[in-house]
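Take a look at the structure below.
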Amino acid sequence: MFRRVLFFATALASLSLAATAAPPVRTQLPDAVVPSLYDVSVTPHAASLTFDGQVTINIDVLRPTRSITLNALDLAFSSVALSGAEGTVFPAPQVTMDAKAQTATFSFPDPVEPGAYRLALAYTGRIGTQAAGLFALDYENAAGKQRALFTQFEDADARRFIPCWDEPAYKAIFRLAATVPSPLMAVSNMPVATREDLGNGLTRVSFRPSPWMSSYLLFLAVGDFERATLQSGDTELGVVTQRGLLPQAGFALDSAAVVLDYYNDYFDIPYPLAKLDNVAAPGRSTFFGAMENWGAIFTFEHTLLLDPTISTLADKQRVFAVQAHEMAHMWFGDLVTMRWWDDLWLNEGFASWMGARATQDLHPEWNTALQAVAAREWAMNRDAMATTHPVVQHIATVQQARLAFDAITYSKGRVVLGMLEDYIGPDKWRDGVRAYIDQHAYGNAVSGDLWSAVQDASGQPIVDIAHDFTLQPGIPLITVESAECSEGSTHLTLGQGEFTRDRPDKKPLSWRVPVIAQTLGGEPVRVLVADGRASVDVPGCGTLLVNVGQRGYYRTLYGPVRFAAIRDHFSQLAPIDQLGVLADTWALGLAGLQPLPDFLGLVQAAATDADPQLWQDLADDLGTLDRYYRGEGARQARFRAFASERLRPMLERVGWQPVAGESDPVKVLRARLIDVLGTLADPVVVKEARRRFEAADKDPAAMPAPLRKSLLGVVALNADAAGWNRLHAQARAEKSPMIRDQLYTMLSSSRDPALAQRALALALTDEPGATVSGSMIRGVSVEFPDRAFDFAVAHKDAVDAKIDPNERIRYYPSLASNSYDPAMIDKMAAFAGKYIATGSRRDAEAAIEDIRYHIALRRDRLPAIDAWLATAQPGQAD
């Protein structure tokens, strides 16, 4: 309760102190004027996709100025008025719009002197059909066709809804009111303060003032909704869904309660708002699945709801993980916000780390600790390329800010935080995090603020290590140079270089790397590898393992003899270390630093009773390797025979039906094995999936809910025209928007080029829905990247209308990145040169690097796999 009182005191004090506050460190706006309060009133016209708006902004002028510039995009002003604190009214200003800069400038004939003023604006705007600004989502349910409205403002789309200082450091209070059809529900960040019946079927809904927050966190939704609530201490938790779907949100609501208790305890600062809703929306985005609006998290239905007819345990785990991530933002991102997009990772990397921590602690039966290796690999896959960037990066434009939402920001940030927590200890780390939140609550921060708080609270020197991993790009490569046994211990010498996939002659950067080493059966020891080298004595003389527990962000290269020992004792390693060794061997093999067949040796060495998540990773890697054989006929068939021979016995072992008492990871593995074996065109699995699909009309049990999505995916991937038509008919008839979207996306996965072309054509019609089309075209690009890219470019205007306008600089490169055709390099470069601004081409450049890498890998690495397969003995090892 004290923290909540403190919040209001802080916010009110900020109103009077804004005139003396320093302007943001970085801004694309003139810094002579700062806002403190927005009083916003909007009237959406859903049928015409327009809205009317009025806003009065309390501003403080810090020095004399003849103009006021703020952000505005696709808005038209009907009146602009500036008044002083004593009622002085200024002459109507000249209004200048700059579409490229996304600003509106109000110019006055005489200087506006320092002081407090009120800027009153009346304007109109557009309601979009993609997730940017205020947008509409159309769907159909049992009651017929529906339209709901939502907002999405991150990173810089609040300016489409309200003229504002649309940058994270310009925090202010927002008072929002919306005039909506009386039968509909309106939801915003704060609880409803008043409802006023205006007659003519309209109601004005006014919300309580928001906390002191950044513009991108403001939220509004209007629709035929239902809301369920749960009281957790002083906080009312809620879920909001389209009418009829509240039962599918029960798990999300219950999960929010346990996560909130966990975070209130961890941060030692109770959640400060009166309520926290999670608002479910039909449809999807090619950019995001959920958004951390303070007090009103937005989540697409496919990531929040659990439909008992199709949702899987993996879906349930994802619902919890996404909730844990978004709720962590209530502190990291909302309460304390990065000062500028350079430090976006402070929001996303921390929420990724914290969400994973909460999921692991609150659901130990899922054993999600092992997923840390997958998160590391997602980051390293990008960080090993020339087109990578530091965790803390220079962002100059709004377009560049959109590019920052990537694996480096989310996953490298997460892994580095985990490494540093492990280095100084969880209790001291938590003390530092608490100090950081307390020092910067309701304000903005930079990365150095976090490092200083943790170092001061812990007494541990982590700033230099943190800077090494966040201010420069790349991945350390720790090499075991020597390991000599003497008198019961191993004298270990480690060297440090840099792991890269595409620059073998690159001069390596240098890091201070916390390393943990251990011999099997011995005690782990820690050493900081600095200045390129370190030595340490490790108890025991057995098989040596580096990066024990896999908390470090680095690759480990052992050399042939020491790797052979690891392979021979692979089943004795802890599951997390099995996953880490597998990942390093895979990556080092693809990069040519280790024989790629060493990876297949580990595939053979994996025991059938190994942790299910090891087999999930093995299956995923085999599926990826299969894609590199695309179009290779007999070579691919030989590889698929090997992969199926290893994976099918595991499916037979876990069975097609759940067994009483089996673990949750086994349930997830069953579905994943079906997915990958379907990708491998395994005849047994494809035949069984088709049989069950055809039998489902008469026997619903043929496609049980936990396997329905996997079975449909196998059928869609391997469909002939008749099967595709049947799936298409199901999609058209489906009334659940979430399932309908999934079915249309599956239609785009077929390996048949004629069916892929039909999916592309279908994507540009109104049938799938405005937000599904982009996902369908991207789905085709998995099997046919060149076809999907060429189609999208040939129909660019139509495709642009189907994707978020800020996402276009990333979307088209994503279609091309799976290509193996050298011609695609020139196509992608030409597209970027024509349509993407200089300085915003990182994803296009990354796609080109990916294509070159794929070509080189197929040329240089697959022959070694072919040779190994030709000599490998059939059968499997335990």
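The values are calculated or read from the model by the stated rules, or taken from the named source; none is laboratory data. What you see is a predicted model; the values in this text were computed from it and never measured. Cβ sites come from the backbone with ideal geometry, for glycine too, and all protein chains shown count toward neighbours. Side chains included, ligands, DNA and RNA excluded: accessible areas come from the protein's heavy atoms. Shrake-Rupley method; radii C 1.70, N 1.55, O 1.52, S 1.80 Å.
Quick notes
- Within the range 407-430, tally of residues that are among the acidic types (Asp, Glu) and closer than 16 Å to Val463 by Cβ: 1
- Exactly one residue among Leu137, Leu119 is hydrophobic (A, V, I, L, M, F, W, C), touching a Pro at 6+ places or on another chain (Cβ under 7 Å) and either at positive phi or assigned to a strand (DSSP E or B) (or both), and that residue is Leu137.
Residues are listed down the side, and each one gets a yes or a no for (1) outside any strand (DSSP E or B); (2) modelled with pLDDT of 95 or more; (3) open to solvent by 20 Å² or more (accessible area, probe 1.4 Å); (4) among the β-branched types (Val, Ile, Thr):
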| site | (1), (2), (3), (4) |
| --- | --- |
| Ile59 | no, yes, no, yes |
| Ala76 | no, yes, yes, no |
| Leu82 | no, yes, no, no |
| Val95 | no, yes, yes, yes |
| Thr105 | no, yes, yes, yes |
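- Restricting attention to the range 145-171, the residues that are open to solvent by less than 20 Å² (accessible area, probe 1.4 Å) and part of a strand (DSSP E or B) total 6.
- Positions within the range 61-74 being outside any strand (DSSP E or B) and open to solvent by 30 Å² or more (accessible area, probe 1.4 Å), in sequence order: Leu62, Arg63, Pro64, Asp74
- Residue selected from the range 124-134 under the condition open to solvent by less than 20 Å² (accessible area, probe 1.4 Å) and not in a loop (DSSP other than H, G, I, E, B), by the criterion nearest to Ser48 (Cα to Cα): Gly125
- In the range 745-771, the residues that are within 22 Å of Ala131 (Cα to Cα) and at pLDDT below 95 reach residues that are assigned to a helix (DSSP H, G or I) and of a type in the set (Ser, Thr, Tyr) with C-beta atoms within less than 8 angstrom, at least six apart or across chains, in these pairs: Gly769/Tyr744.
- Criterion applied to Glu652, Glu645 was being part of a helix (DSSP H, G or I), touching a residue at least 60 places away in the same chain (Cβ under 8 Å) and open to solvent by 50 Å² or more (accessible area, probe 1.4 Å), and the one residue passing it is Glu645.
- Members of the range 249-285 that are more than 30 Å from Pro426 (Cβ to Cβ) and surrounded by 21 or more Cβ atoms within 10 Å (Cβ to Cβ): Ala249, Asp277, Val279, Ala280, Ala281, Pro282, Gly283, Arg284, Ser285
- Within the range 238-269, tally of residues that are closer than 16 Å to Met327 by Cβ, touching a strand residue (DSSP E or B) at 6+ places or on another chain (Cβ under 9 Å) and free of Cβ contacts under 8 Å to residues at least 40 places away in the same chain: 5
- For the range 695-719, taking the residues that are of a type in the set (D, E, K, R) and modelled with pLDDT under 95, the one that is nearest to Ala756 (Cα to Cα) is identified as Asp697.
- Test result for Ser206, open to solvent by less than 30 Å² (accessible area, probe 1.4 Å) and part of a loop (DSSP other than H, G, I, E, B): no
- Thr745 being open to solvent by less than 50 Å² (accessible area, probe 1.4 Å), on the phi < 0 side of the Ramachandran plot and assigned to a helix (DSSP H, G or I): yes
- Count of the range 750-773 residues which are over 24 Å from His854 (Cα atoms) and crowded, with 17+ Cβ neighbours inside 10 Å: 13
- First in the range 833-851 and open to solvent by less than 50 Å² (accessible area, probe 1.4 Å), second anywhere and among the β-branched types (Val, Ile, Thr) and part of a helix (DSSP H, G or I), Cβ under 7 Å, 6 or more apart: Ile836/Ile809; Ser840/Ile809; Asp843/Ile809; Ile848/Ile825; Ile851/Ile825
- In the range 659-671, residue surrounded by the most Cβ atoms within 10 Å (Cβ to Cβ) [restricted to those that are assigned to a helix (DSSP H, G or I) and without any contact (Cβ under 8 Å) to a residue 60 or more places away in the chain]: Arg670
- Checked against (1) farther than 22 Å from Gln371 by Cβ; (2) crowded, with 18+ Cβ neighbours inside 10 Å, Glu694 meets all criteria but (2).
- Single residue of the range 287-314 satisfying the filter (outside any loop (DSSP other than H, G, I, E, B) and touching a residue at least 60 places away in the same chain (Cβ under 8 Å)) that is farthest from Arg810 (Cα to Cα): Leu313
- The residues listed here are Glu226, Glu196; of these, the one that is within 26 Å of Leu306 (Cα to Cα), modelled with pLDDT of 95 or more, surrounded by fewer than 21 Cβ atoms within 10 Å (Cβ to Cβ) and not small (Gly, Ala, Ser) is Glu226.
- Only listed residue being modelled with pLDDT of 95 or more and farther than 21 Å from Val33 by Cα, chosen from Ala142, Ala116, Ala148: Ala148
- Given (1) outside any helix (DSSP H, G or I); (2) modelled with pLDDT of 95 or more; (3) under 26 Å from Val772 (Cα atoms), index of the condition Ala681 fails: (3)
- Remark: pairs (first residue in the range 69-83, farther than 22 Å from Ala132 by Cβ and of a type outside the set (A, V, I, L, M, F, W, C); second residue at pLDDT below 95 and part of a strand (DSSP E or B); Cβ separation under 6 Å; 6+ apart in sequence or on different chains) = Ser83/Val89.
- Residue identified as open to solvent by 60 Å² or more (accessible area, probe 1.4 Å) and not in a helix (DSSP H, G or I) among Asp821, Asp826: Asp821
- Among the residues of the range 326-374, just one is on the phi > 0 side of the Ramachandran plot and either in a helix (DSSP H, G or I) or open to solvent by 10 Å² or more (accessible area, probe 1.4 Å) (or both), namely Asn367.
- The residue list Leu477, Leu450, Leu471 contains one member that is open to solvent by 60 Å² or more (accessible area, probe 1.4 Å) and under 27 Å from the mean Cα position of the chain (by Cα), which is Leu471.
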